Amino acid sequence: MTQLLEKYPAEIEKILDKYPPDRKRSAVLPLLYIAQKEYGYCTPDAIREVAGIVGVEPTEVESVVGFYTLFYDHPVGEHVVQICNDLPCALRGSEQFLDHACKKLGLDKHKVEHGGQTTTDGSVTLESVVCLGACDKAPMMQIDLEYFERLSNEDFDRIIEEMLAKSNHG
Amino acid sequence: MADLINVYINEVLVSVPKGTVIVDAAKKLGVNIPVFCYHPKLKPVGMCRMCLVEVGRRKIDRATGQPLLDANNQPEIAWGLKLETGCTTPIEEGMQVRTQNEVVKKAQKDVLEFLLTSHPLDCPVCDKGGECPLQNLTLQFGPGTTRFDYNDKQHLDKHYPLGDIIFLDKERCIQCARCIRFQDEVADDRVLGFYERGRTMQIDTLSEPGFDSKFSGNTTDICPVGALTTRDFRFRARPWEMTHVPSICTHCAVGCNLTLGTRRSARDRQWEILRVMPRQNEDVNEIWICDKGRFGHHFTRSQARLTTPLVRKNGQLAEATWDEAIKLVAERLNVVYGHVVGFIGDRVSNEDAYLFGKLFREGVKTTRIANRPHVAGADLVQKYGVGSGTNLGALGKGTVVLIVAGDVEETAPVYMLRLRAAAQRGAKLIVANARETKMDRYAANSLRYKVGTETQLVYGLLNAVNQGSGIRDQVAAYTPAKVAEITGVPEAEITAAGKLIAEAKDLIVVFGDEQPYDIMVNGQYTDAGRALPQACANLVVATGHAGKANNGLLSLWPHNNTQGVFDMLAANGAQWTPADGLKALYIVGSDPIGEGQTLPKSEFTIVQELFLTETAKQADVVLPALSFAERDGTFTNAERRVQRYYKAIAPLGQARADWEIIRMVGEQLGLKWTHYLTSEGVMAEIAATVPQYSGTEYAALAQVTEAWPPVGSNDLYFGGTAYDNRGGVGVQIKSGVELDGQSEMNWIEPPVPSAESTLHVRQLNRHGTLIDQSAVYQPRLIDAPIEPAQVLKGA
C-alpha cells in the first residue's frame with residue numbers, strides 16, 4: 001500500500017516536514033485530506049497507508065476518520081449537501097426545508113437523518129447535520145465547503161439544478 | 001511514606017498519600033463511589049460521569065495564605081457549584097467530599113438513565129449477568145424507571161467479531177473505553193479504538209489481524225458490561241452456576257494465579273472447566289493473564305487423554321489394570337537395580353518431582369535423573385535468584401533490570417506488562433538481545449549483539465562497572481572496547497549501560513535461553529550452555545546485588561515448574577550421568593521423541609503421561625496421569641514463589657496424580673510410604689527436609705493478604721467473585737545466598753560463535769501437545785518458528 005506515496009510524494013513530504021520526526025502522528029489530518037481527495041472517501045487501504053506513513057496503528061487513524069463528520073468512510077456523491085437541522089434552524093423551518101430537499105432529490109428522510117443518503121446516479125449526498133454556526137441565517141445548507149443561507153424551497157431547487165448542470169448530471 | 005493529606009469523606013476523616021483521587025480515598029474508608037470508566041489499574045479519564053460527587057475546598061485568605069476560619073474556628077468551606085468526577089480529582093488538604101447526598105444521588109440516577117437508554121434488556125442471556133457492574137450499580141444507584149422512548153433505542157450488531165476470539169456486542173457497550181485503555185496503557189498494542197462519536201460512538205478495530213493481542217481476554221474481565229465476550233465462554237454458563245477454584249497457570253514460568261470456573265455438565269455429568277479468569281495476586285500477575293493461559297485449559301478434558309494404564313502385550317499397547325501395571329513396573333525396576341535412568345519433565349508439581357527423586361534414591365538406589373528439557377543455571381538461580389520479598393510491581397526509580405538473551409513478551413508475557421510498568425515508574429531497562437523484541441520499546445539502553453556473543457557482552461558490562469574480585473584477571477580482558485569489537489555493540493553503549501548498572505540501587509538480571517549453544521551434547525552438560533547464566537550470576541555477585549529483595553537473577557524458564565523440579569531433584573541428590581546398558585528408563589511428563597530427540601537405549605521403558613505422546617507410543621508401560629485441574633499440588637515460579645493449586649474437576653477415567661502413581665510404585669518396591677496419603681503430606685515433608693522450602697506447608701501457602709488496589713467482590717469494579725484470592729498468595733522462598741551468606745564467582749570461558757550459529761527462539765503461540773487441544777486457540781497458533789527479524793549475525 002504505497003499508492004498515495006507514489007502519486008503524491010512531494011505533497012506528503014511537505015506535510016511531514018511540518019512536524020518533528022517523533023511527532024509524525026500529527027500529520028494524520030492533512031494526509032487524510034489527500035486520501036479523501038484521491039478516492040472520494042477514506043478507504044480502509046488509504047487509512048492503513050496513512051497509518052503506515054505516520055507510524056501508528058490503522059485503528060488509531062480509523063478513530064480520527066470516525067470522529068470527524070467531514071471524513072467519509074463510505075463512497076459519497078460527487079457533491080455533499082448538508083442541511084443544518086439544529087434547534088434554531090428548526091425554529092425557522094429547516095424541517096420543512098429538509099422535507100422539500102428529500103422530495104426534490106428522491107431520497108428517504110429517515111436515511112438522510114441517520115447518516116445521509118446518496119442519489120442513485122451518485123451525484124448528490126444529502127445529510128441532515130447539527131449546527132453549522134449560521135443560526136441567524138436559517139434555513140441554511142453547506143454544499144461541499146460553500147455556505148448557502150436564508151433559503152426557500154425555490155432557492156434549493158435553483159441551486160441544485162445549477163450545480164448539477166455544471167457537473168453534467170442535470 | 002509519602003506526604004499524607006487529610007480529607008473528609010461524608011464528614012469522616014481519612015489520611016491518604018498526595019495524588020490519591022477521591023474515589024480511592026473513599027475506598028480506604030470503605031465508601032464505594034460508583035464508577036464505570038474508572039479502573040484502579042488504568043489511568044483515570046472521567047468519561048462516564050458515574051462518579052460525580054460534591055466537593056468542598058477550604059477558603060484561603062489571599063493575604064496570609066492561611067485558611068479562613070468560621071465562628072467555631074473551623075475552616076470555612078466553599079462548596080463547588082457543580083459536581084466533580086471523583087475518579088479524576090486528586091484530594092487536597094482539608095477537602096470535604098459528599099458522596100451520598102440528594103444532589104449526588106440525583107446525578108447518579110441521571111447518568112444511569114442515560115447509560116440505559118440504549119442498553120438492551122438481554123440480561124437473561126448475558127454472560128455478565130450476575131457479575132455485572134451495570135446491573136449492580138443500577139440496582140444500588142439507578143432510577144427505577146426511564147423517560148426514554150423505547151422506540152428510539154439503537155439496534156446494533158450483537159455478534160461483532162473484533163478478532164478470532166473476542167466478540168463485541170455493540171448494543172451492550174457503554175463506551176467506558178476500559179478495553180481501549182487496557183490495550184494502550186497495559187498491553188501496548190493499540191488495536192482498539194473508538195469509531196464515530198456521540199450516541200453512535202462504538203469500539204472498533206481496523207488493524208490486521210484484528211484484536212488478537214496476547215492479552216485480549218483481560219478486556220472481557222474489566223468490561224463493566226457484557227459487551228466483550230470470548231468465543232470460549234460466551235453463552236456457556238451463568239456465572240453463579242460455576243464453582244470458582246483457585247489454581248495456577250501451567251503454561252509458563254510466571255505462575256499466574258487463576259480462578260477456574262467449573263461446572264458439572266448436565267449432558268454427560270462430567271465436570272469441566274468453563275472459564276479461566278485471573279485471580280488477584282499483586283506479587284505475581286496482579287489481575288492479568290495472557291490468552292494462552294486463559295484459553296489453554298481444554299487439554300484437561302481432551303478426548304485424547306489417557307484414561308487407563310497400558311501395558312505392551314504381543315507388541316501392542318493394551319489396556320491393563322493399575323495392579324498389573326504397577327507390579328510390572330516395580331518388577332522391572334527392582335530386577336535391574338542400578339541400571340535405571342529417570343527423566344522428569346518440568347511441568348509436574350513439586351510433590352511429583354520430590355517423590356520421583358526419593359523413589360530413585362530409596363527404591364531404585366540410583367541418582368541418575370535428568371530434568372527435561374535440560375536447562376542451564378537452575379542451581380545459580382537457586383543460589384542467587386531474586387531475594388525473598390521481590391515484587392516486580394514495586395520496582396521503580398533506582399532499579400535497573402538487565403534483560404539478556406530472552407524475549408520476555410514471548411516467554412513470560414505477564415513479565416512484559418510488569419517490567420513495562422516498572423519502566424514507566426522510573427526503573428531503567430537494559431535490553432540486550434541479538435534481535436529486536438518488544439521490550440526494546442521500553443529500554444533505556446537497547447544493546448544489539450552478534451548472535452552468540454551474549455556472555456562476552458555481560459563481561460563487558462561487568463568490566464565497565466568494576467573488575468569483579470574473584471575473577472578479576474579474566475574480566476580485565478573484556479574491556480568495553482574489546483567487547484564492542486566482539487559483539488558489535490558500540491563501546492559508548494556498553495559504557496553507558498555499565499554506568500546505569502554501577503549506579504543502580506537495585507539490580508535484577510533477567511536471562512533467557514535465546515542463544516545458539518546446546519546445553520547438552522552427547523549426554524554431557526556443556527560449558528557453552530552454562531556460560532551465560534554463570535556470567536549473569538557473576539555480575540550480580542560482583543556488584544553486590546545478590547541475596548536482597550528486588551535484586552538477583554530471574555530466568556525465563558521454559559515451563560511452569562522448571563525451578564521447582566530442579567530444586568526437588570537436587571534435594572534428593574539427583575545427578576545426571578550419561579547412561580548406557582540400561583535395563584529400564586522411567587519418564588514422567590516429558591516427550592523427548594516428540595521434541596525430535598532420541599532416547600538412550602533401554603530394555604524397558606515406563607512413561608507417565610497425560611497423552612499417548614510419541615515417547616509413550618514407544619513405551620512398554622504407560623501410566624495415565626492427572627492434569628493440574630484434577631488434583632492438588634504446588635509449583636515454584638521463576639521468582640521462586642511456591643504456589644498452591646487446588647483440585648477443580650473430577651479425575652478423568654482411572655488416571656491418577658503423578659505423585660500418587662510414584663507412591664504406588666514405591667510401595668510395590670517395598671518402601672514404607674503409607675504416610676503419603678495426600679499431596680499435602682508430601683509437601684509437609686518437603687518443607688521439613690529441604691532447607692530452602694522451609695515454611696511452604698500447604699497451610700502457609702494458602703494464606704491471603706489484603707490486596708490493594710481492591711478489585712474483588714467488595715467493590716464495584718467487577719461484579720463477581722472470580723478475582724478474589726481465596727487460595728493463597730504463595731510463599732517466595734529464600735535464595736541460597738540469603739540462607740548461607742556465601743557467594744562466589746566462577747569463570748567459564750565465553751563460547752565463541754561460528755558463522756552458522758543460529759538463535760534458539762521460543763514463541764508463546766507455537767503448537768504444542770497441550771495447547772493444540774484448545775480448538776478456540778487454533779487461529780493464534782503458528783507452525784514453525786518465525787524467522788527472527790533483524791538478527792545481528794556475526795562471528
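The values are calculated or read from the model by the stated rules, or taken from the named source; none is laboratory data. Bear in mind the structure is a predicted one, so any value in this text is a computation, not a measurement. Heads up, the Cβs are rebuilt from the backbone with ideal geometry, glycines too, and the neighbour counts pull from every protein chain shown.
Check the range B:107-122 and report whether any residue there is at pLDDT below 95, within 14 Å of chain A (Cβ to nearest Cβ) and part of a helix (DSSP H, G or I). Checked the range B:107-122: no residue is at pLDDT below 95, within 14 Å of chain A (Cβ to nearest Cβ) and part of a helix (DSSP H, G or I).
Could you check, for the range A:145-156, whether at least one of its residues is within 20 Å of B:R199 (Cβ to Cβ) and either more than 13 Å from chain B (Cβ to nearest Cβ) or buried (at least 18 other Cβ atoms within 10 Å of the Cβ) (or both)? No, that holds for no residue. Going by what's in this entry, would B:I486 be described as touching a Ser or Thr at 6+ places or on another chain (Cβ under 7 Å), of a type outside the set (K, R), modelled with pLDDT of 95 or more and in a helix (DSSP H, G or I)? In short, yes. For the range A:96-148, a residue qualifies if it is of a type in the set (A, V, I, L, M), part of a loop (DSSP other than H, G, I, E, B) and within 30 Å of B:H155 (Cα to Cα), and the qualifying residues are A:L107, A:V130, A:L132. Within the range A:52-64, restricting attention to residues that are more than 8 Å from chain B (Cβ to nearest Cβ) and of a type in the set (A, V, I, L, M, F, W, C), the residue that is surrounded by the fewest Cβ atoms within 10 Å (Cβ to Cβ) is A:V54.
Among the candidates A:A134, A:A138, A:A101, the residue that is away from chain B (no Cβ under 14 Å) and surrounded by fewer than 20 Cβ atoms within 10 Å (Cβ to Cβ) is uniquely A:A134. Residues that are within 32 Å of the chain's Cα centre (by Cα) number at least 2 in the following strands (runs of 3 or more DSSP E) confined to the range B:1-101: B:12-17. Could we say that B:E331 is at pLDDT below 95, surrounded by fewer than 24 Cβ atoms within 10 Å (Cβ to Cβ) and part of a strand (DSSP E or B) here? Against the criterion (at pLDDT below 95, surrounded by fewer than 24 Cβ atoms within 10 Å (Cβ to Cβ) and part of a strand (DSSP E or B)), B:E331 does not qualify. Taking the numbered list (1) surrounded by fewer than 19 Cβ atoms within 10 Å (Cβ to Cβ); (2) at pLDDT below 95 in turn, B:E185 passes all entries but (2). Of the helices (runs of 4 or more DSSP H) lying entirely inside the range B:342-433, the ones with 3 or more residues being farther than 26 Å from B:Y645 by Cβ are found at B:378-384, B:413-424. For the range B:171-181, state whether one or more residues are within 14 Å of chain A (Cβ to nearest Cβ), of a type in the set (G, A, S) and surrounded by fewer than 24 Cβ atoms within 10 Å (Cβ to Cβ). Yes; the residues of the range B:171-181 include at least one that is within 14 Å of chain A (Cβ to nearest Cβ), of a type in the set (G, A, S) and surrounded by fewer than 24 Cβ atoms within 10 Å (Cβ to Cβ). For the range B:70-88, the set of residues classified as of a type outside the set (V, I, T) and either in contact with a helix residue (DSSP H, G or I) (Cβ under 6 Å, 6 or more places away or on another chain) or in contact (Cβ under 8 Å) with a residue 12 or more places away in the chain (or both) consists of B:P75, B:E76, B:A78, B:W79, B:G80, B:L83, B:E84, B:G86, B:C87, listed by residue number. Being modelled with pLDDT under 95 and away from chain A (no Cβ under 14 Å) is the requirement here; does B:R269 meet it? Answer is yes for this residue. Looking across the range B:608-665, the residues that are among the basic types (K, R), over 20 Å from the mean Cα position of the chain (by Cα) and under 20 Å from B:T678 (Cα atoms) come down to B:R631, B:R656, B:R663.
Given the options B:F215, B:F235, name the one that is of a type in the set (F, W, Y) and either under 21 Å from the mean Cα position of the chain (by Cα) or within 14 Å of chain A (Cβ to nearest Cβ) (or both). So that I can check it myself, show each step before the final result.
Working: B:F235 fails: either under 21 Å from the mean Cα position of the chain (by Cα) or within 14 Å of chain A (Cβ to nearest Cβ) (or both).
Only one candidate passes the filter, namely B:F215.
Cβ separations smaller than 8 Å between residues 6+ apart or across chains give the following pairs from the range B:175-200 residues that are farther than 17 Å from B:G217 by Cα to residues that are of a type in the set (D, E, K, R): B:F194/B:D204; B:Y195/A:E62; B:Y195/B:D204.
Evaluate the range B:52-68: report whether one residue or more is touching a Ser or Thr at 6+ places or on another chain (Cβ under 7 Å) and either charged (D, E, K, R) or more than 23 Å from B:L4 (Cβ to Cβ) (or both).
So far as the range B:52-68 goes, yes, one or more of its residues are touching a Ser or Thr at 6+ places or on another chain (Cβ under 7 Å) and either charged (D, E, K, R) or more than 23 Å from B:L4 (Cβ to Cβ) (or both).
Of all residues in the range B:274-300, those satisfying the criterion of being part of a strand (DSSP E or B) and out of contact with any Ser or Thr (no Cβ under 6 Å at 6 or more places or on another chain) are B:L274, B:R275, B:V276, B:P278, B:N281, B:E286. Taking the range B:490-511 as the range and being among the basic types (K, R) and closer than 17 Å to B:N550 by Cβ as the test, only B:K505 passes.
This table checks each residue for (1) in contact with a His (Cβ under 6 Å, 6 or more places away or on another chain); (2) surrounded by 20 or more Cβ atoms within 10 Å (Cβ to Cβ); (3) closer than 14 Å to B:A107 by Cβ.
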position: B:N32; (1), (2), (3): no, no, no
position: B:C37; (1), (2), (3): no, yes, no
position: B:G46; (1), (2), (3): no, no, yes
position: B:R58; (1), (2), (3): no, no, no
position: B:T64; (1), (2), (3): no, no, no
position: B:P67; (1), (2), (3): no, no, no
position: B:A71; (1), (2), (3): no, no, no
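Here is the figure for the range A:74-87: residues that are surrounded by fewer than 17 Cβ atoms within 10 Å (Cβ to Cβ) and under 18 Å from A:G122 (Cα atoms) total 2.
In this structure, does B:E514 turn out to be in contact with a Leu (Cβ under 6 Å, 6 or more places away or on another chain), buried (at least 20 other Cβ atoms within 10 Å of the Cβ), closer than 16 Å to B:A537 by Cβ and among the acidic types (D, E)? Spelling it out, it is not the case that B:E514 is in contact with a Leu (Cβ under 6 Å, 6 or more places away or on another chain), buried (at least 20 other Cβ atoms within 10 Å of the Cβ), closer than 16 Å to B:A537 by Cβ and among the acidic types (D, E).
Answer yes if at least one residue in the range A:35-49 is within 13 Å of the chain's Cα centre (by Cα), within 13 Å of chain B (Cβ to nearest Cβ) and not polar (S, T, N, Q), and no otherwise. Scanning the range A:35-49, I find at least one residue that is within 13 Å of the chain's Cα centre (by Cα), within 13 Å of chain B (Cβ to nearest Cβ) and not polar (S, T, N, Q), so the answer is yes.
Of the residues that make up the range A:78-94, is at least one without any contact (Cβ under 8 Å) to a residue 40 or more places away in the chain and within 13 Å of another protein chain (Cβ to nearest Cβ)? No: zero hits. Here is the figure for the range B:690-739: residues that are crowded, with 17+ Cβ neighbours inside 10 Å, outside any loop (DSSP other than H, G, I, E, B) and over 20 Å from the mean Cα position of the chain (by Cα) total 6. Only one of the numbered conditions (1) over 24 Å from B:R448 (Cβ atoms); (2) surrounded by fewer than 24 Cβ atoms within 10 Å (Cβ to Cβ); (3) at pLDDT 95 or above is not met by B:N522, and that is (3). Filtering the range B:182-198 to residues that are closer than 22 Å to B:K214 by Cα and within 13 Å of chain A (Cβ to nearest Cβ) leaves B:Q183, B:D184, B:A187, B:D188, B:D189, B:R190, B:V191, B:L192, B:G193, B:F194.
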